[in-house]
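Derivation of every value follows stated rules applied to the coordinates shown; laboratory data play no part. Since we're looking at a predicted model, the values are computed, not measured. Neighbour counts run over all protein chains shown; Cβ positions are idealised from the backbone, glycine included.
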Amino acid sequence: MSDKVTTHQAEEDARNADILIYVNGELKPRSEALVSVYDSGFMLGDGVWEGLRLYDGIWSFVDEHLDRLFEAAKAIDLDIGLNREEVKNALLETQRANGMITDAHARLMVTRGVKMRPFQHPSLSRQGPTFVIIMEHSKPKIPRPIRLATVPHLRGLPMTQDPKLNSHSKLNCILACIAAEKAGADEALMLDLHGFVNTTNACNFFIVRKGEVWTSTGDYCMNGITRQKVIDLCRANGIPVYERNFSLVDTYGADEAFLTGTFGAQTPVSEIDGRVIGTGEMGPVTERIRGLYKALVTGAAA
């Protein structure tokens, strides 16, 4: 589609051609920032990651992001090889090397490292871990509200691939996104195993009905940091908010819908499965939450 939009769409920035990328303690130009074809992340998606945003010199909610990174690494029995302070220092070192002050995005990626042979057993990863930070000048540019299509793909169950892990293994979500694109939408709306509305392939999902903000129970979706900040902001500012089961029928009849994520903060949704949501534009509750979130971020930076 000619007007294709994604939740991670950003303004073009020529400076990104010359960024330095952190690879295992060294800062390298893009063309030299390489990992082995035997790397566990390349071979098997065996790793975890975090995305962070830089606002006015401050990495927003960095402690929450590091909490989640180290918790995920522990869950998959991966030794990052650095402590929290060392990871934070690597982030700041990469920021300084690239001269970034604001409107930057960082992706911290940790894999189990280079394998001895091309098979899955973790004992074959004997040179590791691999730790990479990609940092880009990145200002979100989402020119219109997002269109979603419901897909048959579910986010992983806790006993298979727990959706609370920011895993390198994203194929399930990629297939969901492809299915949505085939249906003429921008991204996918995914249900949980009970058929209740859950999340999208890339973001957490909220609706607004009669002034109330609803999101999923959180049992089957990423434990999004922006998601939690929105819930906390609603509770602190007198906006009724509920983590609950709700259906597509509830969703189609919503007054507003929006997505949350580190990159886009709060992104309005115009259409789901061909049904226009509310006016098809950003609604007043979403706009208010956006303002509260911006004040939270800029206040922390100040």
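Please name which of Gln127, Thr298, Ala97 has its Cα lying farthest along the dipole of the chain towards the positive end, using unit charges on Cβ (Lys, Arg +1; Asp, Glu -1) and the Cα centre as origin.
Comparing the listed Cα positions along the dipole, Gln127 ranks first.
Once you keep just the Cα pairs under 8 angstrom separated by 6 or more residues, what percentage relative contact order results for the chain?
Taking the mean separation of contacting Cα pairs over the length of the chain, I get 19 percent.
Pick from Thr130, Thr102, Thr160: which is most flexible by mean-square fluctuation in a GNM of the chain where alpha carbon atoms under 10 Å apart are linked?
Looking only at Thr130, Thr102, Thr160, the largest GNM fluctuation is found for Thr160.
If you average 1/r across every pair of different Cα atoms in segment 130-281 and take the reciprocal, what Kirkwood value do you get, in Å?
15.8
Give the distance, in whole Å, between the Cα centre of segment 30-63 and the Cα centre of segment 169-204.
One Cα centre to the other: 23 Å.
List the pair-distance distribution P(r) of segment 138-181, using every Cα-Cα distance, as the percent of pairs falling in each 5 Å bin from 0 up to the bin containing the longest distance, rounded to whole percents.
Bin by bin from 0 Å, the calculated values are 5, 18, 21, 18, 21, 13, 4, 1.
Return the ratio Rg/(2.2 N^0.38 Å) for segment 196-239, where Rg is computed over Cα atoms only. Mind dumping the intermediate values first?
Details: Rg = 10.5 Å, N = 44, 2.2 N^0.38 = 9.3 Å.
So the Cα radius of gyration is 1.13 times the expected 2.2 N^0.38 Å.
Relative to the present Cα-Cα distance, how much length would full extension add between Val37 and Asn245 at 0.36 nm per residue of separation?
Gain on stretching Val37 to Asn245: 70.6 nm.
Tell me the net charge near Glu85. Cut-off is 13 Å between Cβ atoms, Glu85 excluded, with +1 for each Lys or Arg and -1 for each Asp or Glu. Don't skip to the answer; put the middle values down first.
Details: positive: Arg84, Lys88; negative: Asp63, Glu86, Glu93.
That works out to -1.
Would you look at the GNM of the chain, springs on alpha carbons closer than 10 Å, and say which of Leu259, Leu171, Leu52 moves the most?
Sorting by GNM fluctuation, first place goes to Leu171.
Which one, Cys221, Ile19, Ile174, is farthest towards the positive end of the dipole of the chain when Lys and Arg carry +1 and Asp and Glu -1 on their Cβ?
Farthest towards the positive pole: Ile174.
Can you tally the net charge around Gln228? Count Lys and Arg as +1, Asp and Glu as -1, for every other residue whose Cβ sits under 11 Å from the Cβ of Gln228.
Working: positive: Arg68, Arg227, Lys229, Arg235; negative: Glu64, Asp232, Glu243.
Within the 11 Å Cβ shell, the charges total +1.
Taking just the C-alpha trace of segment 177-263, give me its Rg and Dmax in Å.
12.7, 40
Return, for the Cα atoms of segment 108-174, the radius of gyration and Dmax in Å, separated by a comma.
Considering segment 108-174 through its Cα atoms, Rg and Dmax are 17.0, 47 Å.
222 nm [θ] for the chain, helices only, -39500 (n - 2.57) per DSSP H run of 4+, per residue, to 500?
-8000 deg cm²/dmol
What angle do you read, to the nearest 10 degrees and between 0 and 90, between the alpha-carbon axis of helix 225-236 and the longest principal axis of the chain?
On a 0 to 90 degree scale, this one is about 40.
Classify segment 1-142 from the C-alpha gyration tensor, please: rounded if a/c falls under 1.5, else prolate or oblate depending on whether a/b exceeds b/c.
Prolate, since a/c reaches 1.5 and a/b exceeds b/c.
Of all DSSP beta bridges in segment 146-301, what percent run antiparallel (nearest 5)?
Details: 19 of 28 bridges.
If I count the DSSP bridges inside segment 146-301, around 70 percent turn out antiparallel.
Anyone know which of Glu181, Glu212, Glu85 comes out most mobile in the 10 Å Cα GNM of the chain?
Glu85
Taking Cα atoms, how many degrees apart are the long axis of helix 171-182 and the longest axis of the chain, rounded to 10 and kept between 0 and 90?
40
Could you please report the charge total around Thr251, scoring K, R as +1 and D, E as -1 over all other residues with beta-carbon less than 12 angstrom from its beta-carbon?
That works out to -3.
By how many degrees, 0 to 90 and rounded to 10, does the Cα axis of helix 62-75 deviate from the longest principal axis of the chain?
The angle comes out at about 70 degrees.
In what sequence do Asp3, Asp79, Asp255, Asp46 fall when counting other Cβ within 10 Å, fewest first?
Taking fewest neighbouring Cβ atoms as first place, the list is Asp3, Asp79, Asp255, Asp46.
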